[in-house]
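All remarks here apply to the structure that follows.
The values are calculated or read from the model by the stated rules, or taken from the named source; none is laboratory data. From a predicted model like this one, the values you see are computed outputs, not experimental measurements. Heads up: the accessible areas ignore ligands, DNA and RNA and are worked out on the full protein's heavy atoms, side chains in. Shrake-Rupley method; radii C 1.70, N 1.55, O 1.52, S 1.80 Å.
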Amino acid sequence: MSRSELQRAGTAVLVLALNEGWAARDVQRLATILLVLVALICVLGEGGDQ
């Protein structure tokens, strides 16, 4: 997955959570976890190319 695809997927998950009525605090936690996950994927992806 490209970085832009990861961003779109993360946004879609957050929008779905909001539409399903998740509490704002839970959506914030989910967003934080997704950002960390995307960052790890990007770093690990770059490290594997060297």
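Counting only protein heavy atoms and a probe of 1.4 Å, the accessible surface of the chain is 63% carbon and sulfur. Over the chain, the alpha carbon radius of gyration divided by the compact-protein estimate 2.2 N^0.38 Å works out to 1.30. Computed from backbone phi with θ = phi - 60° and the Karplus coefficients 6.51, -1.76 and 1.60, the 3J(HN,Hα) list for the range 36-41 is 5, 4, 5, 4, 5, 4 Hz; x is used for glycine and proline.
Residue-wise HN-Hα couplings along the range 20-30, as the Karplus relation 6.51 cos²θ - 1.76 cosθ + 1.60 with θ = phi - 60° gives them from phi, are 7, x, 4, 5, 4, 4, 5, 5, 5, 5, 4 Hz; Gly and Pro carry x.
Based on protein heavy atoms only, the chain ends up with 81 Å² per residue of surface accessible to a 1.4 Å probe.
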